[in-house]
Amino acid sequence: MDAYKNALTILLALILAADAVVFWQVRRLIHSWGKEVEEDDKALTDGERRYVEVRLKLMSALSTAAIVLFLLRFVVFDLFPLIRG
């Protein structure tokens, strides 16, 4: 049982780290847009639009996976056994 809990904890940490990296990439791109807007108002290119769409979908999937793993790890393996006694 402890091996499952350890594996879920490690997987949760890896998914949260990947989510943080994707968030940082999107944040960096958004900050670069702020600098461009001050100079000259430009529309997004197709490449930038696709980049943002892919990253936001990836962030959504990673966040959902992190929530599921969190519930498995801490609710199913820790809380339910305490309730059952």
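The values are calculated or read from the model by the stated rules, or taken from the named source; none is laboratory data. Everything quoted here is computed from the prediction, not taken from an experiment. Every residue, glycine as well, gets a Cβ built from its backbone with ideal geometry; the counts of neighbours run over all protein chains shown.
When the range 10-22 is examined, which residues are found to be loosely packed, with under 15 Cβ neighbours inside 10 Å and not small (Gly, Ala, Ser)?
Selection gives Ile10, Leu14, Val21.
Looking only at residues in the range 17-51 that are of a type in the set (Lys, Arg) and modelled with pLDDT of 85 or more, which one is farthest from Ala61 (Cα to Cα)?
Ranking the qualifying residues of the range 17-51, first place goes to Arg28.
List the residue pairs whose Cβ atoms are under 8 Å apart, where the first residue sits in the range 44-68 and is farther than 18 Å from Gly34 by Cβ and of a type in the set (Gly, Ala, Ser), the second is part of a helix (DSSP H, G or I) and at pLDDT 95 or above, and the two are 6 or more positions apart or on different chains.
Ser63/Asp19; Ala65/Ile15; Ala66/Leu12; Ala66/Ile15; Ala66/Leu16; Ala66/Asp19
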